[in-house]
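The values are calculated or read from the model by the stated rules, or taken from the named source; none is laboratory data. Bear in mind that the values here come from a model prediction, so they are computed numbers and not experimental data. With ideal geometry, Cβ positions are generated from the backbone for all residues, glycine too; neighbour counts draw on all protein chains shown.
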Amino acid sequence: MPAKKIVVVDDEQDIVDLLAYNLRKEGYEVTALTDSERAADAVRNVNPDLVILDVMMPGMDGYELCKTLRSDPATASSPIMFLTAKSGEIDQILGLELGADDYLQKPISPRVLVARVKSLIRRNSERVRTETIAAPEVLMIETIEINRQNYTVRIDGKESFFPKKEFELLAFLASNRGKVFTRESLLSRIWGETIYVVDRTVDVHVSKIREKLGRYGAYVETVKGVGYRFRE
């Protein structure tokens with residue numbers, strides 16, 4: 001089996017070297033960068049199984065880079081992990097809302113980092129297999145087109161940008177029309193069981209999805225005391 005590929009982006013050379021060394025020891029193929037401005041092109045060229053980003057970088061910071069990757073169909077589905085010294089809950093929520101799959105605080109031991117990397121890559125592989133079986137690549141609901149292959153949503157023929165987690169939440173609910181899901185089950189399904197995310201994260205994402213769906217926003221229904229569903 002070919003080695004899993006990881007792109008690491010951090011403006012501190014010693015951190016990049018440390019991460020690359022420990023990941024290569026585990027058999028990963030690592031592309032290491034200290035220039036965030038070159039990172040988007042590198043991710044497109046490498047097509048990695050995981051991207052690890054620092055947040056506080058000169059030029060394009062990690063949040064901007066994450067948004068750039070999520071808005072490009074070629075990199076929209078690449079799993080992203082933030083590794084940063086920023087420890088506030090607001091910073092974590094912002095990173096996850098922009099489409100990151102995990103958020104780790106510095107300093108972190110190499111063993112913990114490798115364990116989280118393995119978990120995230122494994123979980124993403126399992127999700128891809130499940131989605132391939134569970135739902136068609138393109139969902140059509142009236143004039144809403146949800147393309148699971150390139151992470152795009154078109155409403156009345158016009159493309160609307162949905163960050164990765166918003167897209168995955170919309171696609172999951174739309175693929176299971178009429179079924180009610182609790183906030184806890186949606187957190188586990190979309191964000192993963194190993195990531196701590198508060199319940200209101202789901203509410204925030206649903207609110208943004210409804211806003212972007214416009215006149216179709218009412219399709220995403222709140223089931224009082226339970227959770228959400230996409231109405232039939």
Filter result for the condition that a residue is modelled with pLDDT of 90 or more and hydrophobic (A, V, I, L, M, F, W, C), over 146, 90: 146
Qualifying residue in the range 194-205 (condition: at pLDDT 90 or above, part of a helix (DSSP H, G or I), surrounded by 14 or more Cβ atoms within 10 Å (Cβ to Cβ) and touching a Leu at 6+ places or on another chain (Cβ under 8 Å)): yes
Residue list for the range 149-162, restricted to those being surrounded by fewer than 21 Cβ atoms within 10 Å (Cβ to Cβ) and either more than 17 Å from residue 68 (Cα to Cα) or of a type outside the set (Ser, Thr, Tyr) (or both): 149, 150, 154, 155, 156, 157, 158, 159, 161
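One line per residue, one yes/no per condition, for (1) surrounded by fewer than 22 Cβ atoms within 10 Å (Cβ to Cβ); (2) within 13 Å of the chain's Cα centre (by Cα):
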| site | (1), (2) |
| --- | --- |
| 21 | yes, no |
| 54 | no, no |
| 57 | no, no |
| 60 | yes, no |
| 74 | yes, no |
| 78 | no, yes |
| 82 | no, yes |
Which listed residue is among the aromatic types (Phe, Trp, Tyr) and in contact with a Pro (Cβ under 9 Å, 6 or more places away or on another chain), from 28, 21, 63: 21
Selected residue [closer than 21 Å to residue 114 by Cα, assigned by TED's automatic domain parsing to the domain that holds residue 117, of a type outside the set (A, V, I, L, M) and at pLDDT 85 or above] from 54, 61: 54
In the range 148-171, the residues that are in a loop (DSSP other than H, G, I, E, B) and without any contact (Cβ under 8 Å) to a residue 60 or more places away in the chain: 148, 149, 156, 157, 162
Scope the range 1-19; condition surrounded by fewer than 15 Cβ atoms within 10 Å (Cβ to Cβ) and more than 23 Å from the chain's Cα centre (by Cα); matching residues: 1, 2, 12, 13, 14, 17
